[in-house]
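Here is the structure we will look at, set down as structure tokens.
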Amino acid sequence: MKTEAKSELFRALPSVDELLRSPAISTLAEAHGAMAVTDAVRAVTARLREEISSGRVDAASLHLALDGLPGAIETQVRKSLSPSLRPVINATGVILHTNLGRAPLAPAAVERIRETASQYSNLEFNLEAGDRGQRDVHVDRLFRKLIAEAHHDASTIVVNNNAAAVLLALNSLAEGGEVIVSRGELVEIGGSFRIPDVMAKSGAKLREVGTTNRTRISDFEKAINDQTRLLLRVHRSNFEISGFTEQTSISELADLARHRNLPLMEDLGSGALVDLRNFGLSREPNVLDSLRAGVDVVTYSGDKLLGGPQAGLLSGRPGLIARMRSNSLFRALRVDKLTYTVLEATLLAYLKGDFETIPTLQMMRLSPAAIGARAEALAEKLHAGTGKIRVEIIDGESVVGGGAAPSSVLPTRLLALTCADLNADELSTRLRNSDPPIIARVEESRVLIDLRTVFPEQDRWVAEALGGIA
């Protein structure tokens with residue numbers, strides 16, 4: 001397109017001020033606010049200018065675009081004012097999917113959020129004494145009951161995530177001194193969280209012992225000196241070392257710590273409060289096991305195997321926990337009323353034994369037969385369509401995710417989908433762009449849907465989205 005012709009098209013574009021004064025856009029501004037509408041007008045007109053510059057618009061198509069400007073601006077306004085954070089359907093089979101928000105909350109916890117968030121609460125008010133209270137008491141009393149069999153007087157505090165819990169514990173117990181840890185446990189997990197980096201930020205000094213694959217109790221014993229403040233065990237939550245390996249047991253470390261009058265801390269990462277063998281997982285340590293073995297402080301997450309909100313939990317000897325509570329870092333890392341609300345509701349479900357109300361545990365318990373029955377029902381609906389989507393039901397595996405149980409898989413039944421008009425990546429994209437978005441896996445040129453992580457009431461939305469494609 002010639003420069004002169006482009007100039008004519010640019011001159012035909014109304015200015016931002018002209019559009020804002022027009023009746024349709026003025027009405028839009030009254031409904032949604034002048035700032036949002038002004039930004040939308042600028043965005044839409046900028047797109048038109050870019051299309052003119054690139055030669056993609058001629059006089060006829062520009063005329064049509066100008067006629068549709070009010071509608072385009074309204075669409076842009078609604079898009080800009082829509083929440084960015086939105087619900088999605090997790091069809092990946094990864095129960096604790098970090099990118100999808102990890103553990104979904106129990107219905108009782110969601111209801112408690114509504115009640116607490118919309119009113120004032122006794123977060124830091126002692127109703128009996130009528131004066132200031134501590135926010136810890138709302139959950140510490142429940143943790144005491146849940147872990148009493150492992151440690152009769154253990155105390156628990158809450159910070160905003162497990163990395164914060166590790167940082168607070170190391171700073172409180174070992175600032176300026178050495179922390180001894182096995183070289184094979186210097187892990188990095190998602191988000192570039194590295195144990196050595198956190199230790200450096202805490203003011204403690206790292207003392208590595210052993211080798212990547214083998215560390216003995218004698219390695220710890222030889223490393224202890226007058227600068228040693230803490231023995232640290234880190235659970236390798238997102239990988240395993242196999243083959244020619246040796247790892248010092250928790251009981252050996254606890255005996256050594258007691259003998260040398262040193263605290264023993266364990267970073268469990270994804271801590272559980274129940275025996276997960278009842279939910280299909282083996283060899284995944286839990287908080288009670290660690291405390292029972294003699295660990296003095298255990299750090300773990302709230303939004304992983306516990307099935308609660310994002311939080312970092314520290315349970316252990318009251319004297320050590322008190323030192324962390326009095327650390328000025330604790331105030332900087334503390335959590336708000338909503339986290340305490342959700343955590344309290346989740347812990348009450350544990351006390352009542354209502355494990356089926358906690359979605360994470362419920363999903364782990366689902367049998368392949370139950371998942372397969374739902375898959376069959378969904379496949380029948382798709383077979384009634386145009387036939388563009390071919391459906392197979394195959395055996396597969398779900399995983400826990402979230403840095404938990406890296407070697408454990410849960411048998412499942414998968415919907416394996418192919419489409420006549422779309423390749424697997426295109427089909428996956430169509431599902432991701434549906435409302436609500438459906439996040440699936442792509443393997444071997446097929447889209448795989450694992451209903452283990454899809455709530456039963458969401459099955460119809462999956463069927464509708466696929467039916468719209470078919």
Checked the stretch 370-393 for anything of a type in the set (Gly, Ala, Ser), within 30 Å of Ser282 (Cα to Cα) and more than 28 Å from the chain's Cα centre (by Cα); matches are Ala373
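Residues to consider are Leu427, Leu417; find the one that is outside the structural domain of Leu268 (by TED's automatic domain parsing), part of a strand (DSSP E or B) and over 24 Å from the mean Cα position of the chain (by Cα).
Working: Leu427 fails: part of a strand (DSSP E or B).
Going through Leu427, Leu417 in turn, just one is outside the structural domain of Leu268 (by TED's automatic domain parsing), part of a strand (DSSP E or B) and over 24 Å from the mean Cα position of the chain (by Cα): Leu417.
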Out of (1) part of a strand (DSSP E or B); (2) at positive phi, the one Gly387 does not meet is (1)
Give Ser398, Ser428, Ser445 a once-over and let me know the one that is within 30 Å of Tyr300 (Cα to Cα) and of a type outside the set (Val, Ile, Thr).
Ser398
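If you check Asp255 against the conditions, is it surrounded by fewer than 24 Cβ atoms within 10 Å (Cβ to Cβ), among the acidic types (Asp, Glu) and without any contact (Cβ under 8 Å) to a residue 40 or more places away in the chain? Spell out the reasoning first.
Details: surrounded by fewer than 24 Cβ atoms within 10 Å (Cβ to Cβ): yes; among the acidic types (Asp, Glu): yes; without any contact (Cβ under 8 Å) to a residue 40 or more places away in the chain: yes.
Criteria met by Asp255.
Do you know which of the residues in the stretch 430-442 that are outside any helix (DSSP H, G or I) and of a type outside the set (D, E, K, R) is nearest to the chain's Cα centre (by Cα)?
Going through the qualifying residues, I end up with Ile439.
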Residues to consider are Arg390, Arg334; find the one that is in contact (Cβ under 8 Å) with a residue 12 or more places away in the chain and assigned by TED's automatic domain parsing to the domain that holds Gly302.
Arg334
Among the residues of the stretch 6-25, are any surrounded by 12 or more Cβ atoms within 10 Å (Cβ to Cβ) and under 25 Å from Ile438 (Cα atoms)?
no
Matching residues in the stretch 41-70 (more than 15 Å from Pro14 (Cβ to Cβ), small (Gly, Ala, Ser) and without any contact (Cβ under 8 Å) to a residue 12 or more places away in the chain) number 3
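For residues that are of a type in the set (Gly, Ala, Ser) and assigned to a helix (DSSP H, G or I), scanning just the stretch 26-49, find the one that is surrounded by the most Cβ atoms within 10 Å (Cβ to Cβ). Steps first, answer last, please.
Step one: of the stretch 26-49, the residues of a type in the set (Gly, Ala, Ser) are 26, 29, 31, 33-34, 36, 40, 43, 46.
Filter once more, so that each one left must be assigned to a helix (DSSP H, G or I): 26, 29, 31, 34, 36, 40, 43, 46.
On the way: Ser26: 14, Ala29: 17, Ala31: 11, Ala34: 12, Ala36: 17, Ala40: 25, Ala43: 15, Ala46: 11.
So, considering only residues that are of a type in the set (Gly, Ala, Ser) and assigned to a helix (DSSP H, G or I), the one surrounded by the most Cβ atoms within 10 Å (Cβ to Cβ) is Ala40.
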So Glu284 ticks every box in (1) touching a Lys or Arg at 6+ places or on another chain (Cβ under 6 Å); (2) within 30 Å of Glu252 (Cα to Cα); (3) not aliphatic (A, V, I, L, M) but one. Which box is left unticked?
(1)
From the residues in the stretch 263-298 that are crowded, with 18+ Cβ neighbours inside 10 Å and of a type in the set (S, T, N, Q), which one is nearest to Ile224 (Cα to Cα)?
Ser290
From the residues in the stretch 216-236 that are exposed (fewer than 14 other Cβ atoms within 10 Å of the Cβ) and outside any helix (DSSP H, G or I), which one is nearest to the chain's Cα centre (by Cα)?
Gln227
Taking the stretch 50-68 and keeping only residues that are part of a helix (DSSP H, G or I) and surrounded by 15 or more Cβ atoms within 10 Å (Cβ to Cβ), one is left with Glu51, Ile52, Leu62, Ala65
Restricting attention to the stretch 310-345, report how many residues are under 24 Å from the mean Cα position of the chain (by Cα) and more than 22 Å from Glu266 (Cβ to Cβ).
12
Yes/no for Thr357 being closer than 20 Å to Thr116 by Cβ and touching a Lys or Arg at 6+ places or on another chain (Cβ under 6 Å):
no
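With the structure loaded, tell me whether Glu74 is out of contact with any helix residue (DSSP H, G or I) (no Cβ under 9 Å at 6 or more places or on another chain) and of a type in the set (Asp, Glu) or whether it fails that test. Talk me through it step by step, then tell me what you get.
Numbers: out of contact with any helix residue (DSSP H, G or I) (no Cβ under 9 Å at 6 or more places or on another chain): no; of a type in the set (Asp, Glu): yes.
Judged against the criteria, Glu74 is not a match.
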Starting from the stretch 96-121, take each residue that is over 25 Å from Asp450 (Cα atoms) and list its partners that are crowded, with 17+ Cβ neighbours inside 10 Å and small (Gly, Ala, Ser), counting only C-beta distances under 7 angstrom and pairs at least six apart or across chains.
Ala108/Ala345; Ala108/Ala349; Ala109/Ala345; Arg112/Ala345
Would the stretch 254-270 turn up any residue that is closer than 21 Å to Gln362 by Cα and part of a loop (DSSP other than H, G, I, E, B)?
yes
Touching a strand residue (DSSP E or B) at 6+ places or on another chain (Cβ under 7 Å) and among the β-branched types (Val, Ile, Thr), is that true of Thr418?
yes
Any idea which residue in the stretch 381-416 is modelled with the lowest pLDDT, counting only those that are touching a Ser or Thr at 6+ places or on another chain (Cβ under 6 Å) and closer than 23 Å to Ala465 by Cα?
Arg390
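Quickly run through the stretch 200-219 and pick out the residues that are out of contact with any Gly (no Cβ under 8 Å at 6 or more places or on another chain) and not basic (Lys, Arg).
Passing the criteria: Ala200, Ser202, Leu206, Glu208, Val209, Ile217, Ser218.
The values are calculated or read from the model by the stated rules, or taken from the named source; none is laboratory data. Owing to the predicted nature of the structure, the values given are computational and were not obtained by experimental measurement. Backbone-built Cβ (ideal geometry, glycine too); neighbour counts: all protein chains shown.
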